[in-house]
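Encoded as structure tokens, the structure appears first; notes follow it.
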Amino acid sequence: MSSDPRPSLRAARRRDRRVYTRSHPLLFALLAAVRGRPAVRLGRAVLVNGPGAYRHVLTRIPLDRTAAGTTGGAARELSGGGLLFDQEGAGHRDTRRGLAGGLGAAGVERLRPVWREVLARRLAPLGAGGEVDLVPVARELAGASVRALLGTEADACALASAAADAAAAAVRDHLPGPRRPGAARAAAGAAARLEALLADGGGDEEAGLRAMLAVAAVNTTVAALPRAAAWCADAGLWADAADEELRPALVGELLRVTAPSPLLPRVAAADGVVEGCPVRTGDRLILVARHAAGAHSDPPDARRPADPALARLVFGAGAHACPGARLAHAQLDDALAALAPYRPAVVRSRADRHAALPGWRSLTVRATTSVEAR
């Protein structure tokens, strides 16, 4: 593990750790205790920390997409199956190809004016010496982007709130430990409310797919964007964010370090071996993206970024890579470009104890310089 030589880096890391220690303290402590081992068995679960082990599981170990406690299992339980997250074989490939138009280069450029308008409007108070809570900004940005992607008339903020509620209600299916009584019923109700916003006359399967896409896009954006901004503010990275040449590398580094989806819960569909650790059919696999990408040890550095293959692990690997990675990079790039002229500092922050992904419930910033002065 590398140390953080500058006080600013230590301060940034301390703040960012709070999104884990305030929301899932016991789980965070458990993961931290075993992160030095590439793969370790705890009962019927195998925790996978090392980058090689993480990649091996996603590319070499057959995975049960429909098992309880996995992303695909939650998708099937809440929406009746047929979704991107739990489809097998040709169906999975066809759905992913269908997303390429919306999430590829052309699709991202089509969506870009949507979130840029949100950024310009919502960040304007910084120029007048006001304060801005970046969490609602990220929520509206994500909701507006999903609304445009899916071609729905749903209100952007209502869509984002419903997606966050659906994810939060289902999160206990994704984490180790017993399920709280009534959790499945609450999750189903939250998913139904989201699907109702997105139905637009489509069938149940289409509404379910649209709902799961909204859940993934909204929750990762709302988790990542404010955390990335806090890193820039605390670690003194705004100069890099303002640099057109350095910013793309900084975006990749911040996504690596924030690891918006820090855990990928999976279930083995066949026996195997991961870094000397036997894996049996039915074993629960907890893939710790945060550890595999070195987010816990190596701070973001736009001038000496991590190997791209390592940084991309936060978006999965192989056939299990997230199709929204390009969208995430573009949104964060534009958000940093919009914030950088103000050099904002964090005024107040409060971790979200109930969100599906580690993040801030509020992160309020204030400009330290005026755009006019620059």
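The values are calculated or read from the model by the stated rules, or taken from the named source; none is laboratory data. None of these values were measured; they are calculated from a predicted model. When we count neighbours, we look across all protein chains shown, and the Cβ atoms used for this are built from the backbone with ideal geometry, even at glycine.
Laid out as a table, the results:
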read-out	value
The listed residue being modelled with pLDDT under 95, touching a helix residue (DSSP H, G or I) at 6+ places or on another chain (Cβ under 7 Å), more than 19 Å from Arg15 (Cα to Cα) and of a type in the set (A, V, I, L, M), out of Ala330, Ala337, Ala325	Ala325
Condition met for Ala217 (assigned to a helix (DSSP H, G or I), modelled with pLDDT of 95 or more and surrounded by 22 or more Cβ atoms within 10 Å (Cβ to Cβ))	no
Hits in segment 297-351 - residues which are buried (at least 21 other Cβ atoms within 10 Å of the Cβ) and among the polar types (S, T, N, Q)	Gln331, Ser349
Residues satisfying the stated conditions in segment 1-39, i.e. surrounded by fewer than 19 Cβ atoms within 10 Å (Cβ to Cβ), of a type in the set (A, V, I, L, M) and either without any contact (Cβ under 8 Å) to a residue 60 or more places away in the chain or outside any loop (DSSP other than H, G, I, E, B) (or both)	Ala11, Leu26, Leu27, Ala29, Leu30, Ala32, Ala33, Val34
Selection count where residues are crowded, with 16+ Cβ neighbours inside 10 Å and charged (D, E, K, R), scope segment 42-59	1
Enumerated helices (runs of 4 or more DSSP H) restricted to segment 50-153, each holding at least 1 residues that are touching a Lys or Arg at 6+ places or on another chain (Cβ under 8 Å) and modelled with pLDDT of 95 or more	51-60, 105-127, 134-150
